[in-house]
Each structure stands twice: as C-alpha cells, then as structure tokens.
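Reading through the structure tokens given below for one structure.
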Ligand code: DGL
C-alpha cells in the first residue's frame, strides 16, 4: 500500500526548514507542504496558551490541505502541544522535535554540554523531564536565547551583530561560566539555530561539537509512515511547497534560500 498525499511540516517560522531538508533527503519521493507561521513568530517568548492556540490552528490548516502525516518542526510548539495534537488526530502520525540532549550526553559522558533553546522550551515540563534523565551523565547547562531566532528570520546568518549576541549568550550572564573551560558540545534546541551553526562554531570554538534533532526527527517520521503504510511509491518524484502566514514574497524567497543552503 502507498499514499501520495503530502506530509505537513510546521514551524513558527523558517527554522523548521532544517528538519524539512533532512526529511527530503531520506524521503525524496514524498510531497511536502512546509508551513511557517512567520506572522506570529516568535513563539518562544509567548505564553503556553498562546503557543497552543496558534499551533492547533496551523495544524488544522495542514490537515485541511490533506496532510497524511505531520512533523512539528518546532521544539517550542512540540513541548506545548504535541500531546494534545495526537489526541485530536489519532489517525495521523505526528512527530515532534526535542532538544538533542540524549545523543550529546551519551557521546560526552561527564562532559560540559550547553543547551541553547527558546525561553519557553526551557520552561516546559517536557524539557525538565528530558533534562532530568541526563543530569547524572554530564554537566548540562541550559541557556535561553530570546532574540536569536529573529536573526534567522531576517536571513542574518553571520553578521557582526549576531556574533556579538552569541558572545554574550555563550560567555556571560545566564550560566556559571563553564565556557571558560570550553564546552564539549552544544545542543541546538531550536530548529532555527542550525542555520547559524557555522557562526556558533566560530564563537564557541572549533572543537565544540554541535547536536540538533533534525535528522532523528525525520527518521522517526519515516519509520512511523512505513509502519502505517503511508509512504509514497518509490518511483514518484516528490516536491516541496512553501507557505507562510505572513503572505510575504520575501519570506518565501528566504525559505527557498535556506532550503537550498
Ligand atoms: N523554531 C522554534 C523552535 O524550535 C521556535 C522559534 C520561536 O518561534 O521562538 O523552538
């Protein structure tokens, strides 16, 4: 059995394209609709109620467009809404994304690991539970990065202003200064951050390994779709459609640039 309906991928903005890219690599025969809620971004500084309402509305749109399966390509929205979404759409495989703490901690037992994420991701129960599973394995320091996703939304991936922002986040303030000893790994706990990975590496130091959940999330969706016999036939060539709630041509252009980066 096969199914040619599209897969829906949702994020608050352009960040989820880091997950879309991985999904297309491992499922090239599928059609994808990527929906970015750029008009309402950022989500990471909103309340849980606001994030849930926005996410429910956007997922309903993707379902109306015929999505056979969904990726919530946003750590913030996953933490706030994925459980309820699975109850709302029990017949649709829904895969969310979470900060890649597990692979980082298993790879660097006893190491120093920084977790960069939105303020709301770090406040959520889901994150606290995830963190608690690995605090005895490594020294894990979460750091909130309000304002960082906006650089990516502007297509500003290596500016001096961004470098100044990253120096501030990585070297001062919110955490205990373990950066002085160097981090072994940084977890990019927001789907926007892989697009500034090179700049983060430049500031944090080349020896620091970066982890993100994009590949694992895409692989999990493929596994679920195979299990439910929802995959498209392998002789079909897939396509990607970009939609933004901002209705703005510039945003669609940026989505294409990031997708092809
Ligand atoms: N890309 C989103 C995430 O993975 C959030 C960005 C935002 O809207 O604050 O958390």
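Looking only at region 97-107, decide whether some residue is touching a helix residue (DSSP H, G or I) at 6+ places or on another chain (Cβ under 7 Å), surrounded by 16 or more Cβ atoms within 10 Å (Cβ to Cβ), modelled with pLDDT under 95 and more than 16 Å from residue 15 (Cα to Cα). No, there is no match, as no residue in region 97-107 is touching a helix residue (DSSP H, G or I) at 6+ places or on another chain (Cβ under 7 Å), surrounded by 16 or more Cβ atoms within 10 Å (Cβ to Cβ), modelled with pLDDT under 95 and more than 16 Å from residue 15 (Cα to Cα). Residues in region 34-79 that are within 16 Å of the chain's Cα centre (by Cα) and farther than 16 Å from residue 96 by Cα: 37, 38, 41, 42, 45. Answer yes or no as to whether residue 170 is surrounded by 14 or more Cβ atoms within 10 Å (Cβ to Cβ), closer than 13 Å to residue 116 by Cβ, touching a strand residue (DSSP E or B) at 6+ places or on another chain (Cβ under 9 Å) and at pLDDT below 95. So residue 170 fits the description; yes.
Looking across region 36-53, the residues that are under 24 Å from residue 6 (Cα atoms) and out of contact with any helix residue (DSSP H, G or I) (no Cβ under 8 Å at 6 or more places or on another chain) come down to 39, 53.
Of the residues making up region 196-212, none is within 16 Å of the ligand (Cβ to nearest atom) and over 30 Å from residue 161 (Cβ atoms). Taking only region 184-195 into account, find how many residues are within 14 Å of the ligand (Cβ to nearest atom) and closer than 17 Å to residue 144 by Cβ. Qualifying residue count for the region: 7. Taken over region 10-35, the residue count meeting the criterion of being out of contact with any helix residue (DSSP H, G or I) (no Cβ under 7 Å at 6 or more places or on another chain) and crowded, with 23+ Cβ neighbours inside 10 Å is 3. Count, please, the residues in region 139-160 that happen to be assigned to a helix (DSSP H, G or I), buried (at least 19 other Cβ atoms within 10 Å of the Cβ) and more than 15 Å from the ligand (Cβ to nearest atom). Qualifying residue count for the region: 0.
The values are calculated or read from the model by the stated rules, or taken from the named source; none is laboratory data. No experiment lies behind these values; they were computed from the predicted model shown. Using ideal geometry, Cβ is built from the backbone for each residue, glycine included, and neighbour counts are taken over all protein chains shown.
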